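My structure is below; once you've seen it, I'll send some questions.
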Amino acid sequence: MALSTQPYKGARDFYPEDKRIQDYMFGVWRTVCERFGYEAYDAPILEPTDLFLAKGNQEIIDEQTYTFKDRGDRSVTIRTEMTPTVSRMVAGRRQELAYPLRWYSIPNLWRYERPQGGRLREFWQLNVDLFGVDNAAAELEMLQIVDACFKEFGASESMYGISLNHRELINYLLDDYLQLEAAAKRSVAGLIDRMKKMERSVFISKVDVLLTPAQKAAGVTEKLLTILDAKALKDLPKEVQNEPPVKELEQLLEKLQAVGITNARFDATLMRGFDYYTGIVFEAFDADPENRRSLLGGGRYDGLVGQFGVTPVPTVGFAWGDVTLEKFLTGHRLLPALKPATDLVVALVGELLDVAQPAIAELRASGLKVAVDLSGRKLGDQFKAAEKQGVMNVLIIGDNELQTGQYKLKNLETGNEQTVALTQVKDRL
């Protein structure tokens, strides 16, 4: 039986034209992060399974990760995200590191789930984390980085939006304002997280199932809907508006306006990381009605470093997947025409490779990226091959060119041909 030419389900092959897109996206991410003073880090793709069990449960490990025993009978997991790893790294040198600590990474990650639009089993993700700042200046900087990335890709603020909520506000609303029991609280939070994907009547019926008769009689469902329908913080019930998390969100929104980020909004339906986010949470989403989905998310998680037995470090971070980014850029026609890295193809007329080596070396020494057609084919066929590869500049080297030092430089896109010395080639390109 012939072997399949298809990649593993949920993973992708990156042909050169695909790799150019990936390199472009990663390049913009790196440029913006480093502009804000962030440094790159990385870590092993394998981690002890216990690291992920600390965040989830055995069912999640069994169903959503690639977990196996190594030859030493140790349970290991291919990383599904970077937050546990970076927390481990910071905890490992808790006393040695200089704070505020600004780190970023673009790791390869794997998650075992059903592939669907915007979600694959193998993906890459920008992770940006700021350690050691316990006030909203950290959240402001995170959102400035997010906004700067969008702008660097050429996006306008009408193309995307930023949603904000607060973990402590969510807890207050579910615990104190609505007085839900622990089990109902978690279930209602899960429903809120999915409510935009279901009919309102379906959402209401599912909430009602989780409430006691007394809670339904007391109008808990209606109170919840009033909160979720709030388009701004001022639309929340008066008794809620005085809560400290609301004041934090108001101040952050004011600061965002002051730095020119005008598309950030409060969103009471935003539920993120129930298990470990501790403060402000945020997402950025595509404003295109055809692709109105979350593109990235993050928030404050002050407790993870402390799980490793050291003094906790206040932390804010976010993650942005490559699949959702590419879909956003494609949908808004923001991907530039990306050409091959090769500047020039040398087309040889006859068996001249050995004698042409000094000329080829001189071209490369000038800083040009030069590919040599080694096929020995006719010039026309060499031109066709270069054009198919996307390289539009060809330098012809034959006996006459080597003797005179004058070479024909042809642009396959325009058909223009000019005679140049080797020292002129770079400038003419």
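Could you please let me know if residue 200 is more than 24 Å from residue 275 (Cα to Cα), free of Cβ contacts under 8 Å to residues at least 60 places away in the same chain and among the charged types (D, E, K, R)?
Values: more than 24 Å from residue 275 (Cα to Cα): yes; free of Cβ contacts under 8 Å to residues at least 60 places away in the same chain: yes; among the charged types (D, E, K, R): yes.
Yes; evaluated as a whole, the condition is true for this residue.
Looking at the stretch 47-62, is at least one residue under 20 Å from the mean Cα position of the chain (by Cα) and either surrounded by 13 or more Cβ atoms within 10 Å (Cβ to Cβ) or in the same structural domain as residue 13 (by TED's automatic domain parsing) (or both)?
At the first step, the residues of the stretch 47-62 found to be under 20 Å from the mean Cα position of the chain (by Cα) are none.
So far as the stretch 47-62 goes, no, none of its residues is under 20 Å from the mean Cα position of the chain (by Cα) and either surrounded by 13 or more Cβ atoms within 10 Å (Cβ to Cβ) or in the same structural domain as residue 13 (by TED's automatic domain parsing) (or both).
Of all residues in the stretch 184-235 being of a type in the set (Lys, Arg) and modelled with pLDDT under 90, which is surrounded by the fewest Cβ atoms within 10 Å (Cβ to Cβ)? Walk me through how you get there before you give the answer.
Of the residues in the stretch 184-235, the ones of a type in the set (Lys, Arg) are 185-186, 194, 196-197, 200, 206, 216, 223, 231, 234.
Subset that is modelled with pLDDT under 90: 185-186, 194, 196-197, 216.
Numbers: 185: 19, 186: 15, 194: 12, 196: 11, 197: 8, 216: 14.
Residue satisfying both the conditions and the ranking: 197.
Only one of 88, 74, 79 is assigned by TED's automatic domain parsing to the domain that holds residue 316, more than 23 Å from residue 37 (Cα to Cα), basic (Lys, Arg) and under 24 Å from the mean Cα position of the chain (by Cα); which? Give the derivation first.
Numbers: 88 fails: more than 23 Å from residue 37 (Cα to Cα); 74 fails: under 24 Å from the mean Cα position of the chain (by Cα).
Of the residues listed, the single one that is assigned by TED's automatic domain parsing to the domain that holds residue 316, more than 23 Å from residue 37 (Cα to Cα), basic (Lys, Arg) and under 24 Å from the mean Cα position of the chain (by Cα) is 79.
Here is a list: 42, 50. Which entry is farther than 26 Å from residue 114 by Cβ and touching a Pro at 6+ places or on another chain (Cβ under 8 Å)? Before you say what the answer is, go through the steps one by one.
Details: 50 fails: touching a Pro at 6+ places or on another chain (Cβ under 8 Å).
Answer to the selection: 42.
Which of the following residues is basic (Lys, Arg) and modelled with pLDDT of 95 or more: 71, 119, 114?
Numbers: 119 fails: modelled with pLDDT of 95 or more; 114 fails: modelled with pLDDT of 95 or more.
Exactly one residue qualifies, and that residue is 71.
If you don't mind, there's one more thing I want to ask. Of all the strands (runs of 3 or more DSSP E) wholly in the stretch 258-348, which have at least 1 residues that are modelled with pLDDT of 95 or more, of a type outside the set (Gly, Ala, Ser) and over 21 Å from the mean Cα position of the chain (by Cα)?
Counting at least 1 such residues, we get 264-266, 344-348.
Take the residues of the stretch 170-197 that are among the aliphatic types (A, V, I, L, M) and touching a Lys or Arg at 6+ places or on another chain (Cβ under 8 Å): which is nearest to residue 226 (Cα to Cα)?
Taking the stretch 170-197 first, the residues among the aliphatic types (A, V, I, L, M) are 170, 173-174, 178, 180, 182-184, 188-189, 191-192, 195.
Imposing the further condition that a residue be touching a Lys or Arg at 6+ places or on another chain (Cβ under 8 Å) reduces the set to 174, 178, 191.
Details: 174: 13, 178: 12, 191: 16 Å.
Selected residue: 178.
Failed condition for residue 76, given (1) surrounded by fewer than 17 Cβ atoms within 10 Å (Cβ to Cβ); (2) farther than 19 Å from residue 320 by Cα, with all others met?
(1)
Out of the residues in the stretch 146-163 that are closer than 30 Å to residue 312 by Cα and in contact with a helix residue (DSSP H, G or I) (Cβ under 6 Å, 6 or more places away or on another chain), state the one that is surrounded by the fewest Cβ atoms within 10 Å (Cβ to Cβ). Before you say what the answer is, go through the steps one by one.
Just the residues of the stretch 146-163 that are closer than 30 Å to residue 312 by Cα, to begin with: 146-149, 162-163.
From the residues that got through so far, the ones that are in contact with a helix residue (DSSP H, G or I) (Cβ under 6 Å, 6 or more places away or on another chain) too are 148-149.
Numbers: 148: 17, 149: 22.
Taking the candidates together, the pick is 148.
Continuing with the same structure: Which pairs do you get when a residue that is free of Cβ contacts under 8 Å to residues at least 40 places away in the same chain, found in the stretch 139-160, comes within reach of a residue that is part of a helix (DSSP H, G or I) and surrounded by fewer than 22 Cβ atoms within 10 Å (Cβ to Cβ), reach meaning Cβ atoms under 9 angstrom, with the pair 6+ apart or on two chains?
If the second residue must be part of a helix (DSSP H, G or I) and surrounded by fewer than 22 Cβ atoms within 10 Å (Cβ to Cβ), the pairs left are 151/157.
A further question follows. Tell me which residues, restricted to the stretch 100-114, are surrounded by 13 or more Cβ atoms within 10 Å (Cβ to Cβ) and either of a type in the set (Phe, Trp, Tyr) or under 30 Å from residue 9 (Cα atoms) (or both).
Of the residues in the stretch 100-114, the ones surrounded by 13 or more Cβ atoms within 10 Å (Cβ to Cβ) are 100-113.
103, 104, 105, 106, 107, 108, 109, 110, 111, 112, 113, listed by residue number.
The values are calculated or read from the model by the stated rules, or taken from the named source; none is laboratory data. Predicted model, so just to flag it, every value in this text is computed and none were measured. With ideal geometry, Cβ positions are generated from the backbone for all residues, glycine too; neighbour counts draw on all protein chains shown.
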